[in-house]
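The values are calculated or read from the model by the stated rules, or taken from the named source; none is laboratory data. Just so we're clear, the structure is a prediction, and the values are computed from it rather than from any experiment. Virtual Cβ from ideal backbone geometry, glycine too; neighbours counted across all protein chains shown.
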Amino acid sequence: MTNTTAGRFAAWRAWRAWRARRREARELNRAAELLAYGKADVLRAAADWAITEARQAAAPGEPGRVTVDDVLSIAVLRVGAVLVERQEAAEALRQRYEHQGGARDLTTDAYDGQHHHEGDQR
């Protein structure tokens, strides 16, 4: 190797290391933001997002369908929350579904396996 080639190789390795550290720093910052934001807030936001998408995807005059899996997918893939339990996502979806009047134009699996009172929305 000549001095020029060795210098370029060393510069390339230094750049790659810097880039890897930068990526790790971004991931750590994102994790810190999620912790600061709070899992409950992340799940509520993911549920709202899933409800909006279900309404937009529904055919005119037909009810849309929003599922716990939709909320989990958004929370994990789009928001980056990795430690989300299905029961937590279901609870967030139930809360947002009721808050947004989901029974008007949506169906959901968020109540499956839950004990309901007579007046609960589905």
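Some values worked out for this structure:
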item: Any pair with Cβ under 8 angstrom, 6 or more apart, that starts in the range 53-70 at a residue that is hydroxyl-bearing (Ser, Thr, Tyr) and ends at one that is part of a loop (DSSP other than H, G, I, E, B); result: 67/109; 67/110
item: Residue tally, condition crowded, with 20+ Cβ neighbours inside 10 Å and within 15 Å of the chain's Cα centre (by Cα), over the range 85-107; result: 5
item: Selected residue [in a helix (DSSP H, G or I) and either modelled with pLDDT of 95 or more or more than 15 Å from residue 44 (Cα to Cα) (or both)] from 90, 110, 75; result: 90
